[in-house]
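To keep things clear, I will list the structure first and then write my remarks on it.
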Amino acid sequence: MKNKIINFLLIFISVFVGLRIFNLVLEFHNRPRGSFTAYTKKLSNNEQININHPESFDINSKGKNTILLIGDSFGVGYKCGNLKNIAGCLKSKSGKHVVNLSIQATTPAQYLKSLKSYIEDQRKKNKNINGETVNVLLYSNDILIDYAACNYLNSNQKLNLENSERNFLNSICSSEKNDFHYNQIKIDRNNKYWVNLRKNFKIIYYLFGKEVYLLFEEIAGRLILSTDIKSLGRSSYVQKWGNQTAEAKLVANILNDIKNYCDEKKCNPIFTFFPNVEDLNKESKIYNSYISFQKYMLNNYQIKVFNGYEPFFEKSIKRATYSLTDVHSNCKGYEIYANWLLNLN
């Protein structure tokens, strides 16, 4: 028994030390590759807006020479810095005035709100300025219902939604679990199981470090995504984009409102899907669900949502993640995407 205990301790210590060293290697590989500066600006109408530039940067619109970028953390791209994220690449490639209004962990309802805040402020300053290109970046987790989506739903009674769909969305908004990560499926026994499992999985975080934990979480997410198991996270996004769900229809209404708003204010919206760069594959479930939503938008709203997988497919790139533990795009991926955006119209 004594020898067994000693052997167990030796194995545990070896694994513990090995994974701790591996965690340090992952931390180094996941380090930022550029300097990033952002701030919150108060506009003339007393609203606040997120600006992903130094405070000395001139955010005022230059009309047709201005490109607005609106998205979530993929639009922010903070680990690549202000010069190597999508906005930085757009500026260096086009020479135009690029204003990055993206906000981490947000969804299309916030994109609409940010666009309105910026455009209203700029039109108030100069009524003759117009013609901005508005690049709206969509990503798989934009299907989530967050606080901005709930506010949009409650403020708009005449949406293209069935009563049952509106009631379902209202139930999500009224749930105590209404936050960015846990609000998608009603909290039933199945979902409580996955939430608790994720909490218990955190022991890896405390034992071996954040990066090792994130790596195991990514592996688990990829395994779940390859099955039909219902869970939180990316595997839950797939069916919601591809099956004309209430969540997808709400996103469709918001995109239509962005288009109508730009028609009124004379700006040019371009809607694109940023790919899930951890699996750049035409056979992936998320890719095919994007295609379904793309067809839905074109058939029902005559709005084209451009497929951001295309530039990666053209270069035969299968994976473009920032690191093993960060599924955001690497800086080269942002450059590829920015070059592709400039050729859209």
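Structure values in brief
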| quantity | calculated |
| --- | --- |
| Euclidean distance of C-alpha centroids, the stretch 1-46 and the stretch 285-306, integer Å | 38 Å |
| Using θ = phi - 60° and Karplus 6.51 cos²θ - 1.76 cosθ + 1.60, couplings along the stretch 18-29 (whole Hz; Gly, Pro as x) | x, 6, 5, 5, 4, 4, 5, 4, 5, 4, 5, 5 |
| The chain, relative contact order [Cα under 8 Å, separation at least 6], % | 20 percent |
| The chain - mean residue ellipticity at 222 nm from DSSP helices (-39,500 (n - 2.57) per run, n ≥ 4, rounded to 500) | -16000 deg cm²/dmol |
| Cysteines without a disulfide-compatible neighbour (Cβ-Cβ under 4.7 Å), the chain | C89 |
| The chain, dipole about Cα centre (Lys/Arg Cβ +1, Asp/Glu Cβ -1), debye to the nearest 20 | 340 debye |
| Per-selection Rg to Rh, the stretch 276-320 - Cα, Kirkwood hydrodynamic radius | 1.03 |
| Separation of alpha-carbon centers, the stretch 320-345 and the stretch 112-159, rounded to whole Å | 23 Å |
| Residues with amide H under 5 Å from that of N268, placed H, sequence gap 5 or more | E132, T133, V134 |
| Added length on full extension, which subtracts the Cα-Cα distance from 0.36 nm per residue, L342 to N167 | 59.0 nm |
| DSSP-assigned coil residues among GluC sites (Glu not before Pro) in the stretch 251-345, each with at most 10 further Cβ atoms within 10 Å | E283 |
| Kirkwood Rh in Å, taken over the chain so that all alpha-carbon pairs contribute | 21.6 Å |
| Residue among F168, G221, W241 farthest towards the positive dipole end of the chain, charges placed on Cβ | G221 |
| Vicinal HN-Hα couplings computed from phi for the stretch 256-261 (Karplus, 6.51 cos²θ - 1.76 cosθ + 1.60; Hz; Gly/Pro x) | 5, 5, 4, 4, 5, 5 |
| Sparsely packed trypsin sites (Lys or Arg not before Pro) within the stretch 6-58, loop by DSSP, other Cβ within 10 Å at most 16 | R33 |
| Heavy-atom accessible area ranking, 1.4 Å probe, most first, across E47, E165 | E47, E165 |
| Ellipsoid semi-axes in whole angstrom, largest first, where each is sqrt(5λ) of the Cα gyration tensor of the stretch 47-187 | 31, 18, 12 |
| Hits among aspartates and glutamates - C-alpha to C-alpha of K158 under 14 Å, sequence gap 8 or more where chains match | D257 |
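The values are calculated or read from the model by the stated rules, or taken from the named source; none is laboratory data. Treat the numbers as computed from the prediction; the structure is a model and nothing was measured. No Cβ is skipped: glycine too gets one built from the backbone with ideal geometry, and neighbour counts run over all protein chains shown. Surface accessibility is based on the protein's heavy atoms, side chains included, excluding ligands, DNA and RNA. Shrake-Rupley method; radii C 1.70, N 1.55, O 1.52, S 1.80 Å.
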